[in-house]
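The values are calculated or read from the model by the stated rules, or taken from the named source; none is laboratory data. As the structure is a prediction and not an experimental result, all values here were calculated from the model. Here the Cβ is made from the backbone with ideal geometry for all residues, glycine too, and neighbour counts use every protein chain on show. Areas reflect the complete protein model, heavy atoms only, side chains present, ligands, DNA and RNA absent. Shrake-Rupley method; radii C 1.70, N 1.55, O 1.52, S 1.80 Å.
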Amino acid sequence: MQTEAAIDVDHDTFLKDLIAEGLLIPSGTAGVYGTNSVFEKVRLAVDDAATSLADPREAERLRFPPVLPRRHLETSGYLRSFPHLLGSVFAFDGSERDAVEQEARASEHGDWSEFQRMTDLVLLPAACYPVYPAIAERGPLPPGGITVETGGACVFRSEPSEDPARLQSFHMHEHVRIGEPEAVKAWREQWSHRALAFLTDLRLEVFLQPASDPFFGRSGRMLASSQLQQELKLEIVTPISADEPTAIASLNYHQDHFATRFGLVTSEGEMAHTACVGFGEERIVLALLRTHGFDPATWPIEVRGRLWGEA
Ligand code: ATP
Ligand code: ZN
Ligand code: MG
(Lines give C-alpha, C1' and ligand atoms only; values in the text may rest on other atoms or scores of the structure.)
(Ligands and ions follow the chains in the order given, each with its own letter.)
Protein backbone atom coordinates (compact mmCIF):
# COMPACT_ATOMS: atom_id res chain seq x y z
CA MET A 1 0.00 0.00 0.00
CA GLN A 2 1.28 3.46 -0.89
CA THR A 3 1.98 5.82 1.97
CA GLU A 4 2.41 9.59 1.98
CA ALA A 5 6.16 9.07 2.49
CA ALA A 6 6.52 7.13 -0.76
CA ILE A 7 4.91 9.50 -3.24
CA ASP A 8 8.00 10.75 -5.02
CA VAL A 9 7.89 7.90 -7.49
CA ASP A 10 8.48 8.10 -11.23
CA HIS A 11 5.52 7.29 -13.43
CA ASP A 12 6.76 3.75 -14.25
CA THR A 13 6.79 2.81 -10.58
CA PHE A 14 3.47 4.55 -9.95
CA LEU A 15 1.93 2.62 -12.88
CA LYS A 16 3.30 -0.70 -11.62
CA ASP A 17 1.92 0.01 -8.14
CA LEU A 18 -1.51 0.92 -9.53
CA ILE A 19 -1.60 -2.30 -11.55
CA ALA A 20 -0.35 -4.42 -8.63
CA GLU A 21 -3.13 -2.93 -6.46
CA GLY A 22 -5.74 -3.78 -9.15
CA LEU A 23 -6.72 -0.12 -9.57
CA LEU A 24 -5.67 -0.17 -13.24
CA ILE A 25 -6.01 -3.19 -15.51
CA PRO A 26 -3.54 -3.16 -18.41
CA SER A 27 -4.91 -3.88 -21.90
CA GLY A 28 -1.64 -4.46 -23.71
CA THR A 29 -1.89 -1.03 -25.37
CA ALA A 30 -0.24 2.02 -23.82
CA GLY A 31 -2.65 4.49 -22.25
CA VAL A 32 -5.67 2.14 -22.31
CA TYR A 33 -6.70 0.60 -18.97
CA GLY A 34 -9.61 -0.98 -17.26
CA THR A 35 -10.32 0.16 -13.70
CA ASN A 36 -11.68 -1.59 -10.61
CA SER A 37 -14.61 -0.61 -8.42
CA VAL A 38 -12.42 1.44 -6.05
CA PHE A 39 -11.09 3.58 -8.87
CA GLU A 40 -14.53 3.89 -10.44
CA LYS A 41 -16.21 4.83 -7.16
CA VAL A 42 -13.79 7.73 -6.78
CA ARG A 43 -14.10 8.77 -10.43
CA LEU A 44 -17.89 8.86 -10.27
CA ALA A 45 -17.76 10.88 -7.04
CA VAL A 46 -15.40 13.34 -8.76
CA ASP A 47 -17.82 13.49 -11.69
CA ASP A 48 -20.78 14.23 -9.39
CA ALA A 49 -18.81 16.86 -7.50
CA ALA A 50 -17.70 18.51 -10.76
CA THR A 51 -21.33 18.52 -11.94
CA SER A 52 -22.59 20.18 -8.79
CA LEU A 53 -20.01 22.97 -9.06
CA ALA A 54 -22.36 24.57 -11.58
CA ASP A 55 -25.54 26.28 -10.45
CA PRO A 56 -28.31 24.09 -11.95
CA ARG A 57 -30.47 27.20 -12.43
CA GLU A 58 -27.85 28.64 -14.73
CA ALA A 59 -26.34 25.67 -16.52
CA GLU A 60 -28.16 23.53 -19.02
CA ARG A 61 -27.24 19.86 -18.65
CA LEU A 62 -26.51 18.18 -22.00
CA ARG A 63 -25.00 14.78 -22.83
CA PHE A 64 -23.65 13.53 -26.16
CA PRO A 65 -22.54 10.15 -27.50
CA PRO A 66 -18.87 9.15 -27.77
CA VAL A 67 -18.89 9.56 -31.55
CA LEU A 68 -19.21 12.92 -33.28
CA PRO A 69 -20.39 13.53 -36.86
CA ARG A 70 -17.15 14.32 -38.66
CA ARG A 71 -18.80 17.29 -40.36
CA HIS A 72 -18.83 19.09 -36.99
CA LEU A 73 -15.21 18.30 -36.32
CA GLU A 74 -14.22 19.44 -39.81
CA THR A 75 -16.04 22.74 -39.25
CA SER A 76 -14.34 23.24 -35.86
CA GLY A 77 -10.84 23.43 -37.38
CA TYR A 78 -9.58 20.57 -35.19
CA LEU A 79 -7.70 18.96 -38.08
CA ARG A 80 -5.66 22.09 -38.61
CA SER A 81 -4.55 22.30 -34.98
CA PHE A 82 -4.44 18.65 -33.88
CA PRO A 83 -4.27 16.34 -36.92
CA HIS A 84 -2.00 14.05 -34.89
CA LEU A 85 -4.53 13.41 -32.11
CA LEU A 86 -7.74 12.54 -33.94
CA GLY A 87 -9.13 9.06 -34.45
CA SER A 88 -11.80 8.55 -37.11
CA VAL A 89 -14.27 5.68 -37.35
CA PHE A 90 -13.87 3.23 -40.21
CA ALA A 91 -16.20 0.31 -40.93
CA PHE A 92 -16.30 -2.66 -43.25
CA ASP A 93 -17.24 -1.99 -46.85
CA GLY A 94 -16.93 -4.93 -49.23
CA SER A 95 -18.24 -8.17 -50.64
CA GLU A 96 -18.64 -11.55 -48.99
CA ARG A 97 -15.26 -12.53 -50.38
CA ASP A 98 -13.72 -9.40 -48.89
CA ALA A 99 -15.25 -10.32 -45.54
CA VAL A 100 -13.62 -13.75 -45.69
CA GLU A 101 -10.27 -12.25 -46.62
CA GLN A 102 -10.57 -9.61 -43.89
CA GLU A 103 -11.22 -12.32 -41.30
CA ALA A 104 -8.29 -14.38 -42.55
CA ARG A 105 -5.90 -11.46 -42.18
CA ALA A 106 -7.38 -10.35 -38.86
CA SER A 107 -7.09 -13.84 -37.39
CA GLU A 108 -3.33 -13.58 -37.98
CA HIS A 109 -3.28 -10.00 -36.66
CA GLY A 110 -2.29 -8.81 -40.14
CA ASP A 111 -3.33 -5.61 -41.96
CA TRP A 112 -7.05 -5.63 -42.88
CA SER A 113 -7.43 -1.85 -43.37
CA GLU A 114 -7.97 -2.36 -47.13
CA PHE A 115 -11.54 -3.55 -46.42
CA GLN A 116 -12.45 -0.58 -44.25
CA ARG A 117 -14.01 2.68 -45.40
CA MET A 118 -14.25 5.97 -43.54
CA THR A 119 -17.68 6.60 -41.97
CA ASP A 120 -19.32 9.92 -41.16
CA LEU A 121 -18.09 9.71 -37.57
CA VAL A 122 -14.99 10.52 -35.56
CA LEU A 123 -14.14 9.56 -31.99
CA LEU A 124 -14.92 12.42 -29.65
CA PRO A 125 -11.61 14.08 -28.65
CA ALA A 126 -13.03 16.49 -26.03
CA ALA A 127 -16.39 16.70 -24.28
CA CYS A 128 -17.27 20.22 -25.41
CA TYR A 129 -17.08 19.76 -29.19
CA PRO A 130 -20.70 18.64 -29.69
CA VAL A 131 -21.98 21.62 -27.69
CA TYR A 132 -21.13 24.40 -30.17
CA PRO A 133 -23.00 23.01 -33.22
CA ALA A 134 -25.93 21.96 -31.01
CA ILE A 135 -26.36 25.46 -29.58
CA ALA A 136 -25.73 27.16 -32.94
CA GLU A 137 -28.55 25.08 -34.44
CA ARG A 138 -31.04 26.89 -32.14
CA GLY A 139 -30.32 30.28 -33.72
CA PRO A 140 -29.14 33.45 -31.92
CA LEU A 141 -28.34 33.06 -28.22
CA PRO A 142 -30.84 34.21 -25.60
CA PRO A 143 -29.97 37.52 -23.85
CA GLY A 144 -27.08 36.84 -21.43
CA GLY A 145 -25.88 33.89 -23.47
CA ILE A 146 -25.86 30.31 -22.31
CA THR A 147 -24.00 27.99 -19.92
CA VAL A 148 -23.81 24.25 -20.52
CA GLU A 149 -22.68 21.48 -18.21
CA THR A 150 -21.56 18.39 -20.10
CA GLY A 151 -19.35 15.41 -19.64
CA GLY A 152 -18.58 11.88 -20.54
CA ALA A 153 -15.90 10.08 -22.38
CA CYS A 154 -13.07 11.79 -24.17
CA VAL A 155 -13.07 8.73 -26.34
CA PHE A 156 -9.79 8.90 -28.12
CA ARG A 157 -6.64 10.96 -28.42
CA SER A 158 -3.75 9.37 -30.24
CA GLU A 159 -1.13 10.07 -27.58
CA PRO A 160 0.14 6.67 -26.37
CA SER A 161 2.29 6.98 -23.28
CA GLU A 162 3.56 4.89 -20.39
CA ASP A 163 2.53 7.69 -18.01
CA PRO A 164 -0.67 6.53 -16.27
CA ALA A 165 -1.81 10.18 -16.31
CA ARG A 166 -1.67 10.32 -20.12
CA LEU A 167 -4.42 8.06 -21.41
CA GLN A 168 -5.68 7.50 -24.94
CA SER A 169 -9.25 7.23 -23.69
CA PHE A 170 -10.52 8.99 -20.57
CA HIS A 171 -13.35 10.98 -19.00
CA MET A 172 -13.68 14.70 -18.91
CA HIS A 173 -16.22 16.86 -17.19
CA GLU A 174 -16.80 20.20 -18.85
CA HIS A 175 -18.63 23.45 -18.28
CA VAL A 176 -19.05 25.66 -21.33
CA ARG A 177 -19.99 29.33 -21.58
CA ILE A 178 -21.20 30.99 -24.76
CA GLY A 179 -22.02 34.68 -24.74
CA GLU A 180 -20.70 38.21 -24.95
CA PRO A 181 -16.88 38.52 -24.73
CA GLU A 182 -16.85 40.32 -21.35
CA ALA A 183 -19.29 37.87 -19.79
CA VAL A 184 -17.30 34.90 -21.06
CA LYS A 185 -14.02 36.32 -19.74
CA ALA A 186 -15.57 37.03 -16.33
CA TRP A 187 -17.04 33.52 -16.26
CA ARG A 188 -13.64 31.93 -16.83
CA GLU A 189 -12.11 34.09 -14.10
CA GLN A 190 -14.86 33.03 -11.69
CA TRP A 191 -14.33 29.36 -12.62
CA SER A 192 -10.60 29.55 -12.02
CA HIS A 193 -11.39 30.36 -8.36
CA ARG A 194 -14.16 27.78 -8.16
CA ALA A 195 -12.04 24.99 -9.65
CA LEU A 196 -9.06 25.83 -7.42
CA ALA A 197 -11.29 25.82 -4.33
CA PHE A 198 -12.79 22.45 -5.27
CA LEU A 199 -9.40 20.81 -5.85
CA THR A 200 -7.99 22.38 -2.69
CA ASP A 201 -10.97 20.95 -0.76
CA LEU A 202 -9.71 17.56 -1.97
CA ARG A 203 -6.43 18.41 -0.22
CA LEU A 204 -4.48 18.42 -3.48
CA GLU A 205 -1.48 20.69 -3.87
CA VAL A 206 -2.56 22.74 -6.89
CA PHE A 207 -1.23 25.66 -8.93
CA LEU A 208 -2.89 27.74 -11.64
CA GLN A 209 -0.65 28.56 -14.59
CA PRO A 210 -0.86 29.70 -18.23
CA ALA A 211 -0.42 26.83 -20.68
CA SER A 212 -0.54 26.04 -24.36
CA ASP A 213 -2.03 23.29 -26.51
CA PRO A 214 0.20 20.87 -28.46
CA PHE A 215 -0.60 22.46 -31.86
CA PHE A 216 0.84 20.48 -34.76
CA GLY A 217 3.89 21.48 -36.78
CA ARG A 218 5.95 24.63 -37.13
CA SER A 219 2.98 27.03 -37.48
CA GLY A 220 1.61 25.29 -34.39
CA ARG A 221 4.54 26.47 -32.33
CA MET A 222 3.59 30.06 -33.13
CA LEU A 223 -0.03 29.41 -32.23
CA ALA A 224 1.11 27.88 -28.93
CA SER A 225 3.30 30.84 -28.02
CA SER A 226 0.56 33.37 -28.80
CA GLN A 227 -1.92 31.27 -26.78
CA LEU A 228 0.52 31.35 -23.87
CA GLN A 229 1.13 35.07 -24.19
CA GLN A 230 -2.56 35.94 -24.26
CA GLU A 231 -3.27 33.47 -21.43
CA LEU A 232 -6.02 31.85 -23.48
CA LYS A 233 -5.37 28.52 -21.76
CA LEU A 234 -4.93 28.15 -18.01
CA GLU A 235 -4.20 24.87 -16.32
CA ILE A 236 -4.54 23.71 -12.76
CA VAL A 237 -1.60 21.40 -12.20
CA THR A 238 -0.62 19.06 -9.39
CA PRO A 239 2.23 16.59 -8.85
CA ILE A 240 1.13 13.06 -9.83
CA SER A 241 4.47 11.38 -10.42
CA ALA A 242 8.03 12.63 -10.12
CA ASP A 243 7.70 14.26 -13.60
CA GLU A 244 6.50 17.81 -14.23
CA PRO A 245 3.22 18.60 -12.44
CA THR A 246 0.23 17.34 -14.45
CA ALA A 247 -2.82 19.33 -15.59
CA ILE A 248 -5.93 18.06 -13.80
CA ALA A 249 -8.17 20.87 -15.06
CA SER A 250 -7.96 23.31 -17.96
CA LEU A 251 -9.71 26.63 -18.51
CA ASN A 252 -9.78 27.50 -22.20
CA TYR A 253 -10.86 30.85 -23.64
CA HIS A 254 -11.46 30.33 -27.37
CA GLN A 255 -12.38 33.96 -28.15
CA ASP A 256 -14.50 33.76 -31.35
CA HIS A 257 -12.86 30.56 -32.71
CA PHE A 258 -15.88 28.24 -32.35
CA ALA A 259 -18.43 31.05 -32.71
CA THR A 260 -17.26 32.08 -36.19
CA ARG A 261 -17.01 28.49 -37.37
CA PHE A 262 -20.42 27.42 -36.13
CA GLY A 263 -22.19 30.79 -36.42
CA LEU A 264 -22.87 31.51 -32.75
CA VAL A 265 -24.28 35.02 -32.42
CA THR A 266 -25.51 36.94 -29.39
CA SER A 267 -29.07 38.23 -29.03
CA GLU A 268 -27.70 41.59 -30.23
CA GLY A 269 -26.45 39.97 -33.43
CA GLU A 270 -22.75 40.19 -32.48
CA MET A 271 -20.33 37.28 -32.83
CA ALA A 272 -20.25 35.38 -29.53
CA HIS A 273 -17.19 34.23 -27.62
CA THR A 274 -16.80 30.84 -25.91
CA ALA A 275 -14.83 29.32 -23.05
CA CYS A 276 -14.74 25.91 -21.41
CA VAL A 277 -13.50 24.43 -18.16
CA GLY A 278 -12.51 20.77 -18.34
CA PHE A 279 -11.77 18.47 -15.40
CA GLY A 280 -9.74 15.35 -16.21
CA GLU A 281 -11.47 12.72 -14.07
CA GLU A 282 -8.84 9.93 -14.19
CA ARG A 283 -6.11 12.46 -13.48
CA ILE A 284 -7.95 13.77 -10.42
CA VAL A 285 -8.40 10.18 -9.18
CA LEU A 286 -4.68 9.49 -9.75
CA ALA A 287 -3.73 12.68 -7.91
CA LEU A 288 -5.95 11.64 -4.97
CA LEU A 289 -4.47 8.12 -4.89
CA ARG A 290 -0.98 9.50 -5.08
CA THR A 291 -1.53 12.13 -2.38
CA HIS A 292 -3.71 10.26 0.11
CA GLY A 293 -2.80 6.62 -0.54
CA PHE A 294 -4.40 3.70 -2.37
CA ASP A 295 -7.24 3.07 0.11
CA PRO A 296 -9.96 5.77 -0.04
CA ALA A 297 -11.36 4.54 3.31
CA THR A 298 -8.24 5.99 4.98
CA TRP A 299 -8.33 9.38 3.23
CA PRO A 300 -8.70 12.53 5.34
CA ILE A 301 -12.27 12.97 6.53
CA GLU A 302 -12.60 16.34 4.73
CA VAL A 303 -11.81 14.65 1.43
CA ARG A 304 -14.27 11.82 1.99
CA GLY A 305 -16.83 14.36 3.12
CA ARG A 306 -16.39 16.41 -0.05
CA LEU A 307 -16.70 13.31 -2.27
CA TRP A 308 -19.22 11.12 -0.44
CA GLY A 309 -20.74 13.42 2.14
CA GLU A 310 -19.17 11.39 5.02
CA ALA A 311 -19.14 13.29 8.29
P1 ATP B 1 -2.11 18.14 -21.51
O2 ATP B 1 -1.46 19.48 -21.58
O3 ATP B 1 -1.73 17.35 -20.28
O4 ATP B 1 -1.96 17.36 -22.78
P5 ATP B 1 -4.59 19.15 -22.52
O6 ATP B 1 -4.15 20.53 -22.72
O7 ATP B 1 -4.56 18.26 -23.72
O8 ATP B 1 -3.70 18.44 -21.34
P9 ATP B 1 -7.41 19.61 -22.45
O10 ATP B 1 -7.50 19.26 -23.87
O11 ATP B 1 -7.65 21.03 -22.09
O12 ATP B 1 -6.02 19.13 -21.85
O13 ATP B 1 -8.35 18.63 -21.62
C14 ATP B 1 -8.95 18.96 -20.37
C15 ATP B 1 -8.46 18.07 -19.25
O16 ATP B 1 -8.49 16.70 -19.63
C17 ATP B 1 -6.99 18.32 -18.86
O18 ATP B 1 -6.88 19.36 -17.92
C19 ATP B 1 -6.61 16.99 -18.23
O20 ATP B 1 -6.99 16.96 -16.88
C21 ATP B 1 -7.43 15.98 -19.01
N22 ATP B 1 -6.60 15.30 -20.02
C23 ATP B 1 -6.11 15.81 -21.17
N24 ATP B 1 -5.41 14.92 -21.86
C25 ATP B 1 -5.44 13.76 -21.12
C26 ATP B 1 -4.91 12.45 -21.30
N27 ATP B 1 -4.21 12.13 -22.38
N28 ATP B 1 -5.16 11.52 -20.34
C29 ATP B 1 -5.89 11.83 -19.24
N30 ATP B 1 -6.42 13.04 -19.02
C31 ATP B 1 -6.20 14.01 -19.94
ZN1 ZN C 1 -13.63 22.17 -23.98
MG1 MG D 1 -2.93 17.33 -24.53
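Segment E302..R71, full-extension length gain: 78.6 nm, with 0.36 nm per residue of separation and the alpha-carbon distance subtracted.
Rolling a 1.4 angstrom probe over the chain with all protein chains present gives an accessible area of which 52% lies on carbon and sulfur atoms. A 1.4 Å probe over all protein chains sorts V38, V277 by accessible area into V38, V277, starting with the largest. Karplus-derived 3J(HN,Hα) values for region 154-168, using 6.51 cos²θ - 1.76 cosθ + 1.60 with θ = phi - 60°, are 9, 5, 7, 9, 6, 9, x, 7, 8, 7, x, 8, 10, 9, 8 Hz; glycine and proline are entered as x.
Amide H contacts of L202 (H built 1.01 Å from N, in plane; Pro and chain starts excluded): no residue 5 or more places away or on another chain comes under 5 Å. Each Lys and Arg contributes +1 and each Asp and Glu -1, all at the Cβ; summed about the Cα centre of region 15-108, the dipole is approximately 300 debye. Remark: region 182-311 carries 45 Å² of accessible area per residue (probe radius 1.4 Å; ligands, DNA and RNA excluded).
Remark: the chain carries a charge dipole of roughly 640 debye about the Cα centre, counting +1 on each Lys and Arg Cβ and -1 on each Asp and Glu Cβ.
Which FRET efficiency, nearest 0.05, do R203 and H84 yield, Cβ-Cβ r, R0 30 Å?
0.25
Between R61 and E162, the distance separating the two model label sites (each 7 Å from Cα on the Cα→Cβ line) works out to 4.2 nm.
Rolling a 1.4 Å probe over the protein heavy atoms leaves Y78 with an accessible area of roughly 10 Å². Across region 159-311, Cα-Cα pairs more than 20 Å apart make up 57 percent of the total.
Taken along the Cα-to-beta-carbon direction at a fixed 7 Å, the label points for D111 and S226 span 3.8 nm. Extending 7 Å from the Cα toward the beta-carbon at both E268 and S219 defines two label points whose distance is 3.2 nm.
Taking all protein chains as shown and a probe of 1.4 angstrom, F64 keeps an accessible surface of around 60 Å². Calculated FRET efficiency, D256 to E40, Cβ-Cβ distance, R0 = 51 Å: about 0.85 to the nearest 0.05.
Taking 0.692 mPa s as the viscosity and 37 °C as the temperature, the Stokes-Einstein diffusion coefficient of the chain based on its alpha-carbon Kirkwood radius rounds to 156 µm²/s.
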